[in-house]
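Read the structure below first, then the notes.
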Amino acid sequence: PEKGNANLLHADELPKYTTEELTTILEKRKELSTLIDACQQLYGKVFNTSEINILIGLSDYLGFDHEYILLLFAHVGKMERKSVRTVEKLAFRFADEEITEADMLREHLSFLEKSQELETKVRTTFGINSRALTGKEKKLVQKWLGEYKFSFEIIEKAYELTIESTQKPSLPYAGAILDRWHSEGLDSIEK
């Protein structure tokens, strides 16, 4: 299947190779052996047959180039629970979102990391340290960073105005302020 048909694909459709088939593939395609070695080094372990099947499927079935696959492995490798299955799930999600080239993935992963950093700062600022953000709260934070492209300083100013008006932290209230600023074209504190 071609990359453009990713939304028709499912993880359970990745090819399943026998050990003999894998050996033959890796003998014929040295670049795949090199990719597998690099991914194993990132994870500090030797992959089993199932994990190697997934890795080859990302290349052959989803059509991702080796740089893309290494970026995915490096990203998941930073997570507390790194696994090849997580890489597979992300690969299918990104394919469905049409993030199919290494440059696109690099940009998207950078956005995700910035979102996580911003979410952490927002949680600290708003005093939400003991729990995770709700789905609605996460969407607000993602909108502020992704759609509005606001800096943390702008969000912090909305927080201060929220406290002045309500005497308590409120993401929805701050969100209303930020929505208004966005609709008015304000994108810095100086304006």
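Data overview
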| read-out | value |
| --- | --- |
| Cβ-derived FRET efficiency at R0 22 Å, ASP60 paired with HIS108, nearest 0.05 | 0.45 |
| Karplus 3J(HN,Hα) series, Hz, for segment 76-84 with 6.51 cos²θ - 1.76 cosθ + 1.60 (x for Gly, Pro) | 5, x, 7, 6, 4, 10, 7, 7, 5 |
| Computed FRET value (nearest 0.05) for LYS78 with ARG131, which takes r as the C-beta separation and R₀ as 22 Å | 0.45 |
| Structure-derived Cα Rg over 2.2 N^0.38 Å: which label, when the choices are (i) 1.32; (ii) 1.09; (iii) 1.00 | (i) |
| Derived scalar couplings ³J(HN,Hα) [segment 158-166; Karplus, 6.51 cos²θ - 1.76 cosθ + 1.60; whole Hz; x for Gly, Pro] | 5, 4, 4, 5, 4, 5, 4, 7, 10 |
| For the chain, accessible area per residue (1.4 Å probe, heavy atoms of protein chains only), Å² | 58 |
| Potential lengthening between ARG85 and LEU161 on full extension [0.36 nm per residue; Cα-Cα distance subtracted] | 22.9 nm |
| LYS138, LYS28, ranked by accessible area, largest first (probe 1.4 Å) | LYS28, LYS138 |
| Theoretical gain in end-to-end length, ASN48 to LEU186 [0.36 nm per residue, Cα-Cα removed] | 44.4 nm |
| Mean residue ellipticity (222 nm) of the chain, computed from DSSP H runs ≥ 4 via -39,500 (n - 2.57), nearest 500 | -20000 deg cm²/dmol |
| Segment 29-175 - percent of accessible surface contributed by carbon and sulfur, probe 1.4 Å | 51 |
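The values are calculated or read from the model by the stated rules, or taken from the named source; none is laboratory data. Remember, predicted model here, so these are calculated numbers, not experimental data. Virtual Cβ from ideal backbone geometry, glycine too; neighbours counted across all protein chains shown. Only protein heavy atoms, including side chains, enter the accessible area calculation; ligands, DNA and RNA are left aside. Shrake-Rupley method; radii C 1.70, N 1.55, O 1.52, S 1.80 Å.
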